[in-house]
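For reference, the structure discussed in these notes is given below.
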Ligand SMILES: *Cc1c(COP(=O)(O)O)cnc(C)c1O
């Protein structure tokens, strides 16, 4: 019935997550409420990890892309699973360090890292800094030579592949703010520059081709393209790069229209490609890093709301207002992201009402979904929006001075708060 193993319906017809009744959770902790299933997160990490361990003798690392959902407990879980993380800001790096995340298992990304962030990364001893552009390459070399501490880096390559959901473009995609362009020769130029710099060590290459991708083809093509580049680097510089980071971007099911994919199966094809390419070029098989974000936390999370006003405009549409909205989930307002929605206390009833779900911000565009099919509902019902574990909490805001909801972690019928709800005091904390 659902696209996530974390969800079910109990005898009362209530939606459950991780063995917990969502209606009970809503009453216990209040709404809006983010709920995440720990087992779902751990299982996703393990599926990726196993796919590498069982199929690829050169080994690799699963680096959870923590921008998808970042708070202390997530970093603890990832740490316990023996995985790595990728961070894209000083704030994410700081949060990870607060729980003692091993710095050598941190990959630091971003297209415009500040000098302070670079210094912080070097001070903590971050495993790999992924250098995005020439400005950053020289800035980092300068900082490391001044501090007298070498830094291990990757270069982010833009391989001319852009993939989103069911489409991808193979060539000509050079219009990106990220990375060194392959097509115009910048990539090779940057690699040649980096191998000559004394205060940094170029360990490998990185690429990230998009997000919410369902096809295996673009990943396979990226792996091929990057292996060909590694061969070209060896042939022109004599340097053999032995680490390859292929980024994230694996798609998840938001609605029934999204076709499920097997992350393990997808990885299998990518790893096979790396093997074939290494034989073809007579290169060692690289140590592989993948960076799934959305697919680790997305399906494991839901958001619970309480239904407020229901406004029917005959012949136009019916608006259902909830006690959250674009402040806790801006993805529909940003890019009309599709979601599956249901009434959690009527989960076993037919979804035969077409409703538009409106948030509580003073903003007409504050919608969670338009013309969604859900159970007939009244004020006081509990609404669940599914697959909100990724890019919801991490993208939340205090627009209209609305406080952020709590995050509750559930696990085999138990629940605990992992991020407290914000208070009004939090809202004015930095006001003078
Ligand atoms: C966002 C991002 C990811 C994760 O992408 P998902 O689509 O969430 O899997 C991985 N690597 C980099 C560099 C990213 O920016």
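Could you figure out which of (1) on the phi < 0 side of the Ramachandran plot; (2) in contact (Cβ under 8 Å) with a residue 12 or more places away in the chain isn't true of residue 325?
(1)
Does residue 305 fit the bill of being touching a residue at least 24 places away in the same chain (Cβ under 8 Å), more than 16 Å from the ligand (Cβ to nearest atom), outside the structural domain of residue 59 (by TED's automatic domain parsing) and assigned to a helix (DSSP H, G or I)? Write out each step before concluding.
On the way: touching a residue at least 24 places away in the same chain (Cβ under 8 Å): yes; more than 16 Å from the ligand (Cβ to nearest atom): yes; outside the structural domain of residue 59 (by TED's automatic domain parsing): yes; assigned to a helix (DSSP H, G or I): no.
Criteria not met by residue 305.
When the residues of the range 49-70 are filtered to those that are within 26 Å of residue 396 (Cβ to Cβ) and not in a strand (DSSP E or B), which remaining residue is farthest from the ligand (Cβ to nearest atom)?
Here is the first cut: in the range 49-70, the residues within 26 Å of residue 396 (Cβ to Cβ) are 62-70.
In the following step, the residues that additionally are not in a strand (DSSP E or B) were identified as 66-70.
Numbers: 66: 9, 67: 6, 68: 5, 69: 9, 70: 12 Å.
So the residue we want is 70.
State whether one or more residues within the range 319-331 are at pLDDT below 95, within 16 Å of the ligand (Cβ to nearest atom) and within 25 Å of residue 382 (Cα to Cα). Before you say what the answer is, go through the steps one by one.
Residues of the range 319-331 at pLDDT below 95: none.
Scanning the range 319-331, I find no residue that is at pLDDT below 95, within 16 Å of the ligand (Cβ to nearest atom) and within 25 Å of residue 382 (Cα to Cα), so the answer is no.
So residue 311 fits all but one of (1) under 25 Å from the mean Cα position of the chain (by Cα); (2) more than 16 Å from the ligand (Cβ to nearest atom); (3) within 30 Å of residue 22 (Cα to Cα); what number is the exception?
(1)
Does residue 45 count as in contact (Cβ under 8 Å) with a residue 24 or more places away in the chain and in the same structural domain as residue 12 (by TED's automatic domain parsing)?
Here the answer is no, as residue 45 does not meet what is asked.
So, in the range 158-192, how many residues would count as being in contact with a strand residue (DSSP E or B) (Cβ under 7 Å, 6 or more places away or on another chain), at pLDDT 75 or above and surrounded by fewer than 19 Cβ atoms within 10 Å (Cβ to Cβ)?
3
Quick check on the range 39-60: of everything there that is buried (at least 20 other Cβ atoms within 10 Å of the Cβ) and under 16 Å from the mean Cα position of the chain (by Cα), which residue is nearest to residue 346 (Cα to Cα)?
40
So which of 380, 315 is free of Cβ contacts under 8 Å to residues at least 24 places away in the same chain and surrounded by fewer than 19 Cβ atoms within 10 Å (Cβ to Cβ)?
Of 380, 315, the one residue that is free of Cβ contacts under 8 Å to residues at least 24 places away in the same chain and surrounded by fewer than 19 Cβ atoms within 10 Å (Cβ to Cβ) is 315.
Could you pull out the residue among 35, 131 that is touching a residue at least 40 places away in the same chain (Cβ under 8 Å), more than 16 Å from the chain's Cα centre (by Cα) and more than 30 Å from residue 285 (Cα to Cα)? First the steps, then the outcome.
On the way: 131 fails: more than 30 Å from residue 285 (Cα to Cα).
When all the criteria are applied, what remains is 35.
All but one of (1) surrounded by fewer than 22 Cβ atoms within 10 Å (Cβ to Cβ); (2) at pLDDT 95 or above hold for residue 154, so report the exception by its number.
Result: residue 154 fails condition (1) only.
Exactly one of these conditions fails for residue 10: (1) closer than 26 Å to residue 253 by Cα; (2) in contact (Cβ under 8 Å) with a residue 60 or more places away in the chain. Give me its number.
Among (1) closer than 26 Å to residue 253 by Cα; (2) in contact (Cβ under 8 Å) with a residue 60 or more places away in the chain, the lone unmet condition for residue 10 is (2).
If residue 266 satisfies every condition in (1) farther than 14 Å from residue 220 by Cβ; (2) at pLDDT below 95 but one, which is the exception?
Every listed condition holds for residue 266 apart from (1).
The values are calculated or read from the model by the stated rules, or taken from the named source; none is laboratory data. On a predicted model such as this, the values are computed, not experimentally measured, just so you know. Note: ideal-geometry Cβ built from the backbone for every residue, glycine included; neighbour counts use all protein chains shown.
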